[in-house]
Amino acid sequence: MQLYRVPVQIIPRPGILDPQGAAVAGALRSLGFDTIADIRVGRFITVDVNAASAADATSAVRSMCEKLLANPVIEDFVLEEPTLQQGGQS
Amino acid sequence: MKFGVVTFPGSNGDYDACHAAADAIGRECVYLWHKDHDLKGCDVIVLPGGFSYGDYLRPGAIARFSPIMNEVVVHAKRGAPVLAICNGFQVACEAGLLPGALLRNASLRFVSRLVTMRVENDSSMFTHEYYKGQILSVPVAHGDGRYTADPDVVARLEGEGRVAFRYSSTGGDVSDEDNINGSVNGIAGIINAAGNVLGMMPHPERAVDPVIGSTDGLGVFHSLLDGVTA
Amino acid sequence: MSEVLPRPGDPEITAALVREHGLTESEFERICNMLGRTPTFTELGIVSALWNEHCSYKHSRNTLRTLPTEGAAVIQGPGENAGVVAIGDGVAIAFKIESHNHPSAIEPYQGAATGVGGILRDVFTMGARPIAMLNSLRFGSLDSARNRYLFAGVVKGIGDYGNSVGVPTVAGEIVFDSAYDGNPLVNAMCVGMLREDELIRAKAEGVGNPILCVGARTGRDGIHGASFASEDLSEASEAKRPRVQVGDPFTEKLLLEASLELIRSGHIVAIQDMGAAGLTSSSAEMAARGDVGVTIDTSRVPVREAGMTPYEILLSESQERMLVVALEGHEQQVREILFKWDLTAEVIGKVIQEPVYRVTEGDRIVAEFPGSALVTECPRYDVPAEEGREAIARRSIDVAATKELAAESDPTWTLLQLLAAPTIASKRWAYQQYDSTVRTNTVIGPGGDAAVLRVRGTDRAIALKTDCNGRYVTLDPRVGGRIAVVESARNVACTGARPLAITNCLNFGNPTRPEIFFQFKEAVAGIREACIALDTPVTGGNVSFYNESPTGSVHPTPVIGMLGVIDSLEHITRSTFRNAGDVIVLLGDCTDEIGGSEYLATIHGAIGGAPPACDLDHERDLIATLLEAIRAGVVASAHDCSDGGLAIAVAECIMADPGKMFGADIDLGAWDSLSLRAVLFGEAQGRVVISSGEADRVLEIAARNGVPARVIGTVTELAEGLTIRAGGRVLKIGTEQAAAAYHEAIPRIMDAAPQSAAIEETEGVKV
């Protein structure tokens, strides 16, 4: 087993209202950032997971997202490539 | 003495603060619109409770860029009183009027109840009507009230007597059990170095009338009225 | 009529498509006859939204019509966004309760939050400033991780939305019963205040007046949410998740302030929330009320997503939007008020002379209906009603023969079990997440018999309460309906308030099943009888059918939202004891009834027997007695006796307020001829526990009103604990031990056990 770090981005699904994104975009526009077209605010999570391979790490984190980390009603998630960490269990 | 209460989009404690100033201590009170640049000659500025800009991003983060905040900061720099309650406390921290920040409650849940807190400073322009060690019953209603700051900032606050109120038991003991949101040292309210900005999570403006359960918040308003520090 | 042609890309109208829209063959024929042709896809969508149960009340309207709706105080009865009653001094109260059960079953946080948002808009569109929220919640057993997840999510959703908007949540009730597994009930009630002359109605008027869309932009949220609310919950609805809307309390707060400013400005003639079925329902209803024609151009509606079709724009349930009819020529002033609050307003149509409901997309007509036929021609059904065999069988069970458990030989054991039963236990875990003090009017907040709010600028206060015992309604819907009304009336009367009027939220199963429709008709009949007896007219409400999950339907739950008025702040009375030494009086009488009780449910896992009898004349006299005694200044505290019976009521009086606890010495020897468990835990109706420094005067007032009353004990100091003498036994328990059972039950469950969104295997049989 090795320790992998899997970063996860969780973002509001397309078409789902994102009140936070809208409020932040409005505030930035009023500060003069008038090139903003849209802002969506989500969450960024890193999961360190023990797995036999990068593929296993990804698959474990995917199932965590489906079960708990993301709310499938309103959120999508994107898994980034796992990176090997120091200190994994052997 | 004239009170001005800032209405940010999403403020909801502005009405209570104005009623406290007008009904409870009989002083003129006006609402100050966040888009204006005019404090309308007010002597005391109140940054009220609520959810300015929905508390989106971070509580207070967006409101502190409101046009009127330029004037509020100038007012504070001049040494004039600013009373920052609940969401107003969060705005004041984001705006740099007070040190530190307010994080999610340790319970991760919104907490609305009557709390007891101990008066720690009885000499500021906001608190000289109280006596040190006095126990006050005042409502809280917040989700992000866990006060935090760098250890040296906290040490300075404590050393300089700038902790105004601390969550406590009805007997005045300070323990984790009575620390309703997990604030460092049970801090419920702090004062800036110049002594003219008070930030607090509990709501003194909701404790000014016996009909609604407590009058322990009146001291803050009466202290301001007297104007002189002990 | 102009020519309406299908839009390019519209699906063909087939029998399957009609079915998918929840319309029956005969309803489809009705549409074709009304139009004289086959409807377009857009028209089909419009009709399906308006004629579904949620908007049309097609199965309930004929029954609802039997309810009393008039009274001296009623300014606006059913049919508007909210009911309005006068409370004196020129002040009026607008109030309404509404369900958001199905969205909350799918996504508890957003479902509950948007439920709060919707009912808030119903109240402030009457011109009233929202001053209080209540909620009536039902969940399955907290033994299940899914139910804990639903409970936690709903509570957080209610709290986050109401707290942010700045309206205090002051009262409500939460019941846990496995009958609600898989189908929780989330009913939210909003109460607003206005001056009588500030009332505005949602009635389109004035040919030529522009119609504006105000507030948030329109997205593809919750399309066909209204039809969704009228389906049984099933595995299939899990797949329909994307329909759930997201609430934005920040925009709501801006919309609230902007709408009140708009209404007071005199620039508008009507305003209505775009709630269920969105733009379609709001525009059609406003036109029908005003008896005028309207035309709406969907291409002018501000949208959040590109490429939205008229069908989607009309049926979108995006939140925080309003439809406004402005005075012609005042569009700019309307825009300026909204701009001040960072909101937009677009003219999307106008009021026209021609009696027609017309929707265009630019110049193309995409839908057109004659007159107000869409609303008035909606079918109404009188379906068969027959009591189910199971209900009859349950009611016939001889519950008095239920064998006692061995542990019951010690009644303190039973008392502690009941105090810790989640339905009875303190709900502080939930209501501490609700801001109950903002706006500084809350005199009695959550945890009392009813909430009390002062009316600023007067010496008056209002009292508010929601109530319903679904078990009683299951066992005998007529008696259960009566009890829902009288219990909420007793609750407000305990605070010193005269019951004034009600709103109701009728949660039932599938009305096309005769046993369900029987429950509905009978419960409404019971509500009618009680409302007439107590002179509390019905000012509006909401019907929620199809509350069923794969394992069965919920307990029929007609929730009553009661409004009472306290004529002087001096009369405000609390439920917990005030002074040691006061004498405790029971108004009303004990009986041998234990049917439908919390005792049977908690201790024996049984729902059976007849619910307690409800004598409406007695209830009226009891309330009169209570109010007379309170006004005479001889009542220190008053607490309604309900779930768990007299022993629980007394225990609550000594320790429900942890800041001010007492003991009590009680003697119930007068009822030694009855069974001990019925005396302690039976739920006989028409009873109130009073503490008084002048008990003789209480007894004298009761006697004059023909209400049984008896001294049952004395309030003692906290250290004395609770002693109850009954049936030759002496029951003793420390106040703090009782308090721990009562206050810590729900936190212990919620803080320790995991929550899970996953739907568990269902087990067991349901009622």
Grab the DSSP H runs of chain C that are 4 residues or longer, score each as -39,500 (n - 2.57), total them, divide by all residues and round the 222 nm result to the nearest 500 deg cm²/dmol. -10500 deg cm²/dmol
Once you've got the GNM for chain A with C-alpha springs shorter than 10 Å, pick whichever of A:13, A:62, A:29 has the biggest mean-square fluctuation. A:29
Sum of -39500 (n - 2.57) over DSSP H runs of 4+, divided by residues of chain B (222 nm, nearest 500): -5000 deg cm²/dmol
Roughly speaking, what % of Cα-Cα pairs in the protein assembly as shown are separated by over 61 Å, rounded to a whole number? 8
Evaluate the charge dipole of the protein assembly as shown about its Cα centre and quote only its size in Debye, nearest 20, assuming +1 on the Cβ of each Lys and Arg and -1 on the Cβ of each Asp and Glu. 960
Name the long-range amide H neighbours of residue C:731: under 5 Å, sequence gap of 5 or more, or other chain; modelled H, no Pro or chain starts. C:724, C:725, C:726
Per DSSP helix of 4 or more residues, -39500 (n - 2.57); summed, then divided by the residues of chain A. What does that give at 222 nm, rounded to the nearest 500? -8000 deg cm²/dmol
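Give me the one-decimal Kirkwood hydrodynamic radius in Å for segment B:2-229, with the sum taken over alpha-carbon pairs.
Values: mean 1/r = 0.0589 Å⁻¹.
It works out to 17.0 Å.
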Choice from B:153, B:111, B:220 showing the highest fluctuation, given a GNM over chain B with Cα pairs closer than 10 Å: B:153
Quick one: net charge around residue C:495, please, counting Lys, Arg +1 and Asp, Glu -1 for every other residue with C-beta under 13 Å from its C-beta. +3
Using a Gaussian network model of chain B with C-alpha springs under 10 Å, which one of B:22, B:164, B:155 is most mobile by mean-square fluctuation? B:155
Of the trypsin sites (Lys or Arg not before Pro) in segment C:369-421, those whose Cβ has at most 16 other Cβ within 10 Å and which sit in DSSP loop: C:380, C:403
Quick one: the Cα spread of segment A:2-85 along its three principal axes, in angstroms, biggest first? 50, 27, 14
So if I take the centroid of the Cα atoms in segment C:126-191 and the same for segment C:605-640, what is the distance between those two points in Å? 27
Report, in degrees rounded to the nearest 10, the 0 to 90 angle that the Cα long axis of helix C:514-534 makes with the longest principal axis of chain C. 70
Averaged over residues of B:4-13, the number of beta carbons from other chains lying within 10 Å of each residue's Cβ is 4
Might you tell me the accessible area per residue for segment C:446-521, computed with a 1.4 Å probe and given in Å²? 18
Given the options B:143, B:84, B:133, identify the residue whose Cα lies farthest towards the positive end of the charge dipole of segment B:1-154 (+1 on Cβ of Lys, Arg; -1 on Cβ of Asp, Glu). B:143
Based on the Cβ-Cβ distance from residue C:410 to residue C:717, what FRET efficiency comes out when R0 is 22 Å, to the nearest 0.05? 0.35
Karplus 3J(HN,Hα) series, Hz, for segment C:482-490 with 6.51 cos²θ - 1.76 cosθ + 1.60 (x for Gly, Pro): 4, 5, 4, 6, 5, 5, 5, 5, 4
Whose amide H sits under 5 Å from the amide H of residue C:591, counting only residues 5 or more places off or on another chain, with H placed in the peptide plane? C:684
Vicinal HN-Hα couplings computed from phi for segment A:68-84 (Karplus, 6.51 cos²θ - 1.76 cosθ + 1.60; Hz; Gly/Pro x): 9, 5, 10, 9, x, 5, 10, 10, 10, 10, 10, 9, 8, 4, x, 10, 6
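What order do you get for C:111-120, C:285-294, C:672-681, A:45-54 when each peptide is scored by the mean count of other beta carbon atoms within 10 Å, highest first?
Descending mean neighbour count gives C:111-120, C:285-294, C:672-681, A:45-54.
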Quick tally, 1.4 Å probe accessible area for C:665, C:342, sorted with the most first, runs C:342, C:665
In segment C:302-398, taking the dipole from +1 charges on Lys and Arg beta carbons and -1 charges on Asp and Glu beta carbons about the Cα centre, the listed residue (C:326, C:315, C:337) farthest towards the positive end is C:337
State, to one decimal in nm, how far the label point of residue C:333 lies from the label point of residue A:45, with both points 7 Å from Cα in the Cβ direction. 5.3
Please compare each pair in C:96/C:465; C:58/C:521; A:67/C:427; C:96/C:521 to a cut-off of 18 Å on the Cα-Cα distance and tell me which ones are over it. A:67/C:427; C:96/C:521
Would you calculate the convex hull of the Cα atoms in segment C:388-440 and tell me its volume per residue in Å³? 174
Round to a whole angstrom and tell me the spacing of the C-alpha centers of segment C:432-497 and segment A:33-82. 45
Could you work out the mean count of beta carbons from other protein chains within 10 Å of each residue's beta carbon in B:106-115? 5
Förster radius 60 Å - calculated FRET efficiency between residue C:380 and residue B:36 (Cβ-Cβ, nearest 0.05): 0.65
Scan segment C:327-427 for GluC sites (Glu not before Pro) in coil per DSSP, keeping those whose Cβ has at most 15 other Cβ atoms within 10 Å, and list them by number. C:328, C:386, C:387, C:404
Could you tell me the relative contact order of segment A:2-85? Use alpha-carbon pairs under 8 Å, at least six residues apart, and round to a whole percent. 52
Segment B:27-152, relative contact order [Cα under 8 Å, separation at least 6], %: 23
Farthest toward positive dipole pole in the protein assembly as shown [+1 Lys/Arg, -1 Asp/Glu at C-beta], among B:124, C:680, C:134: B:124
Placing +1 at every Lys and Arg Cβ and -1 at every Asp and Glu Cβ, with all other atoms neutral, what dipole size does segment B:2-229 have around its Cα centre, in debye to the nearest 20? 380
Chain C: relative contact order as a whole-number percent, Cα under 8 Å and 6+ apart: 15
Exposure rank, largest accessible area first [C:730, C:650; 1.4 Å]: C:730, C:650
What average number of partner chain Cβ atoms lie no more than 10 Å from the Cβ of the residues making up B:138-148? 3
Given H placed on each backbone N at 1.01 Å, which residues far from residue C:367 in sequence or on other chains put an amide H within less than 5 Å of it? C:359
Is there a quick way to get the dipole size of segment A:2-85? I mean about its Cα centre, with the Cβ of Lys and Arg at +1 and of Asp and Glu at -1; what is the value in debye to the nearest 20? 140
Evaluate E = 1/(1 + (r/R0)^6) for residue A:29 and residue B:77, where r is the Cβ-Cβ distance and R0 equals 41 Å; express this FRET efficiency to the nearest 0.05. 0.90
Can you tell me the mean projection area, over all orientations, of the convex hull of chain C's alpha carbons? Units nm², please. 30.4
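The values are calculated or read from the model by the stated rules, or taken from the named source; none is laboratory data. Just so it is clear, the model here is predicted, and its values are computed rather than measured. Using ideal geometry, Cβ is built from the backbone for each residue, glycine included, and neighbour counts are taken over all protein chains shown. Accessible surface is based on the protein model in full, side chains and every heavy atom, while ligands, DNA and RNA are left aside. Shrake-Rupley method; radii C 1.70, N 1.55, O 1.52, S 1.80 Å.
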